[in-house]
Amino acid sequence: MKKLTHACAIAAIAVIPFSVQAAEPETEAVEYYHHKLNHYFITAASSEAQVIDDGVVGEGWVRTGRSFRAWLDPAKAPSTASGVCRFFSSGANSHFFTGDAEECADLKKLEDAERSSALATGEPVQGWVYEGIAFAIEMPVGGVCPPGTSAIARVYNNGFTSGEGSNHRYVDDSDLHALMEDRSWAAEGMAFCAQSKPGGGNANLSPTTTNFDPLVDTWTGTARWKKELAGAETRTSAPLALTFAVDGKVGGSGQGCVFTGQVQSGDGFRSLFSGTISASGCVDTSFNGSYNRFQLERFGGGMLAVRMKRGDNADEASIEANLTAGMTPATPPSSASPTNGGITGNWAGTVGWIVSQRQNGNETFLVASNLPLQLAITAGGGIAGSGFGCSFSGALSSTSVGGVFGGSVSASGCTETAFNGVFAEVKVERDDAKLEVEFEMETETAGLTTKTKVEGDLVNTSTSSTLPGNPAGPAGIAGNFSGPFTAGIEIRDRTGGGDITTASSLSSAAQFSIASGGALTGTGFGCSFSGTLTLSDVALQLHTGSVNATGCTDATLNGTYQAEAHPENGGALEFEMEHETEVANMRTKVKISGRAPRG
């Protein structure tokens, strides 16, 4: 799909009086997740979302698929709405949003105080810096949301205490709220009240109990296995693999366990799933049995967060992991029709609706909304749909180029008249469990260029769909690599109620050999490395997997690592491995990283 390569400036919403006659929300705040930071972010401006999707702000951010309705123009919002203040902290590497005027004012005072101190000491400002009004949304009155709205709760990761950097997440689902608390995020009460969608909530679709297409794949990675017996806790890291069928049947393995289960429900975002699962034959028998909590959260970019838990309090076992898709769908051949390209069916999601004008090198965004789009694609390539008041109709080409289907689509009746007309540039492509769509039309008059675009990812809402085949493997990083690597070791000792952290590092030359199928071997630090990498993000050429280290000169480096690798210009390989163990009151984190030229 075509991607933007320029950064977009997002204009702050002016704080002006709200009108009494409120219009329908003209955007949705969409959510992103960064698995390395374990941070969440929201944006209501589709132009900013495009910049994030294009990787301009850095790699690693993926859409969770979740969103809630809001206003970009506060003049169109009801009297119970507030402008939401947006702050950024370089120290926490995170954004914070609040519609509470008192909370916003208090943070601004803290910023003023820190700026005064920074002038005197020459130190940089690392606290919360005000960035403007992000969007407008209704607020609770007396702890109650207005009729026709859904409560959006705020949870906090306790990042200031843990050192991970303070971060908040805004959730509307009680099951997701409970899951975040189970992940040790603290509940902070009601944050916003979002206008409900036609279905009565914030989701784009109705919940499903039959179609689990977004999960269909084999998912692998390194999991955190934790058991607690009679109050004594033991943790270890070890591989986990799970395979899902479209009807929700689950199979898997890890630590000698054989897993069998059934996904029973998925939310309206096709993001959060729950079901039942049991384990047998585990090397550690503490992990055998039925897990009363089995929850899955599907993110974009081929990532699945898994949590299984059985028992409570003093006697329990849990398995947690961020897994990546082991088999990414391949690009259909150039002769593929819409049917075997995997795009036939019904699709829905929140996408960007953008109207921009460019003159004399300056670009202005007239519309930058995130709003729903629904499409139906027939086996013959016919396409119809609706969104933002528009009715779409058209046809896709019978053949694809590199897996991308072109065509022409007409729109009429749009709420914003700029979207009416013929989109002559149409691109539709199946990517993993999603459908990437891009409609674009452009006009030029007297040096003024107007570009109208509808772009984003949709999920399948049909009862079933056809998935394309699978690729051969990560050939893009196949070869021999060698270079200098660093091993960082952090040990946290909480013996006797204390809390002492020590850090050290080691340096060594390392060599790695990666086969075309992804098998990896290597040496360095006295270790012998072996494992497998798979392509988990085609756009970023990111390869992930599990690597085992044995025989290391420093025994602390032995163990199973979660690994990431991607090629750089010139053929070098950026390679990083991490693993964490916790025994009794001693937690050890090890990170091995480096850049290895090819050859």
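For the reader, a short list of remarks on this structure follows.
- Any hit, the stretch 466-477, residues being assigned to a strand (DSSP E or B) and at pLDDT below 90: no
- Residue in the stretch 218-225 that is at pLDDT below 90 and under 20 Å from Cys104 (Cα atoms) present: no
- Condition met for Phe423 (within 29 Å of the chain's Cα centre (by Cα) and either more than 19 Å from Thr450 (Cβ to Cβ) or surrounded by 17 or more Cβ atoms within 10 Å (Cβ to Cβ) (or both)): no
- Subset tally (residues that are surrounded by 16 or more Cβ atoms within 10 Å (Cβ to Cβ) and not in a strand (DSSP E or B)) for the stretch 206-228: 6
- The residues of the stretch 488-510 that are among the hydrophobic types (A, V, I, L, M, F, W, C) and in contact (Cβ under 8 Å) with a residue 24 or more places away in the chain, listed by number, are Ile489, Ile491, Leu506, Ala509, Ala510.
- Conditions (1) in contact with a helix residue (DSSP H, G or I) (Cβ under 7 Å, 6 or more places away or on another chain); (2) within 30 Å of Thr364 (Cα to Cα); number of the one not met by Pro124: (2)
- Evaluation of Thr220 against (1) in contact (Cβ under 8 Å) with a residue 24 or more places away in the chain; (2) polar (S, T, N, Q); (3) in the same structural domain as Tyr32 (by TED's automatic domain parsing) (one fails), failing number: (3)
- Set Ala203, Ala194: member being out of contact with any Cys (no Cβ under 7 Å at 6 or more places or on another chain), closer than 18 Å to Val30 by Cα and assigned to a loop (DSSP other than H, G, I, E, B): Ala203
- With respect to the conditions (1) touching a helix residue (DSSP H, G or I) at 6+ places or on another chain (Cβ under 9 Å); (2) surrounded by fewer than 21 Cβ atoms within 10 Å (Cβ to Cβ), Ala178 lacks only one, and its number is (1).
- Residue within the stretch 164-174 that is under 26 Å from the mean Cα position of the chain (by Cα), outside any strand (DSSP E or B) and at pLDDT 95 or above present: yes
- Identity of the residue in the stretch 350-402, outside any strand (DSSP E or B) and more than 22 Å from Ser196 (Cβ to Cβ), that ends up modelled with the lowest pLDDT: Gly402
- The single condition among (1) more than 30 Å from Thr399 (Cβ to Cβ); (2) among the polar types (S, T, N, Q); (3) at pLDDT below 85 that Ser334 does not satisfy is (1).
- Strands (runs of 3 or more DSSP E) wholly inside the stretch 229-304 that include at least 2 residues being aliphatic (A, V, I, L, M) and without any contact (Cβ under 8 Å) to a residue 40 or more places away in the chain: 272-280
- Any hit, the stretch 275-295, residues being surrounded by fewer than 18 Cβ atoms within 10 Å (Cβ to Cβ), under 23 Å from Lys434 (Cα atoms) and hydroxyl-bearing (Ser, Thr, Tyr): no
- Criterion: within 28 Å of His34 (Cβ to Cβ) and out of contact with any strand residue (DSSP E or B) (no Cβ under 6 Å at 6 or more places or on another chain) - qualifying residue of Asp499, Asp554: Asp499
Residue by residue, here is whether (1) closer than 20 Å to Arg169 by Cα; (2) at pLDDT 90 or above holds:
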| position | (1), (2) |
| --- | --- |
| Asp54 | no, no |
| Thr64 | yes, yes |
| Arg69 | yes, yes |
| Pro74 | no, no |
| Pro78 | no, no |
| Gly83 | yes, yes |
| Asp100 | yes, yes |
| Cys104 | yes, yes |
| Asp112 | no, yes |
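- Of the strands (runs of 3 or more DSSP E) that lie entirely inside the stretch 39-120, those containing 3 or more residues that are under 22 Å from Phe365 (Cβ atoms) and not basic (Lys, Arg) span 39-43, 61-70, 81-89.
- Applying the criterion of at least 1 residues that are touching a His at 6+ places or on another chain (Cβ under 6 Å), modelled with pLDDT of 80 or more and not assigned by TED's automatic domain parsing to the domain that holds Trp225 to the strands (runs of 3 or more DSSP E) found wholly in the stretch 521-588 leaves 527-537, 559-567, 573-583.
- The stretch 88-107 residues that are closer than 17 Å to Glu31 by Cα, paired with ones that are surrounded by fewer than 20 Cβ atoms within 10 Å (Cβ to Cβ) and acidic (Asp, Glu) (beta carbon under 8 Å, 6 or more apart): Phe88/Glu131; His95/Glu131
- Checking Ser393, Ser412, Ser400 one by one, the residue that is buried (at least 23 other Cβ atoms within 10 Å of the Cβ), farther than 27 Å from Ala29 by Cβ and among the polar types (S, T, N, Q) is Ser400 and no other.
- Look at (1) assigned by TED's automatic domain parsing to the domain that holds Arg66; (2) at pLDDT below 90; (3) under 19 Å from the mean Cα position of the chain (by Cα) and you find that Met180 fails only one, number (2).
- Some residue of the stretch 30-46 being buried (at least 20 other Cβ atoms within 10 Å of the Cβ), more than 20 Å from Gly60 (Cβ to Cβ), modelled with pLDDT of 75 or more and not small (Gly, Ala, Ser): no
- Neighbours by Cβ (under 7 Å, 6+ apart or cross-chain): first from the stretch 50-71, not assigned by TED's automatic domain parsing to the domain that holds Leu435 and of a type in the set (A, V, I, L, M, F, W, C); second crowded, with 23+ Cβ neighbours inside 10 Å and assigned to a helix (DSSP H, G or I): none
The values are calculated or read from the model by the stated rules, or taken from the named source; none is laboratory data. Keep in mind the model is a prediction, meaning the values are calculated, not measured. When we count neighbours, we look across all protein chains shown, and the Cβ atoms used for this are built from the backbone with ideal geometry, even at glycine.
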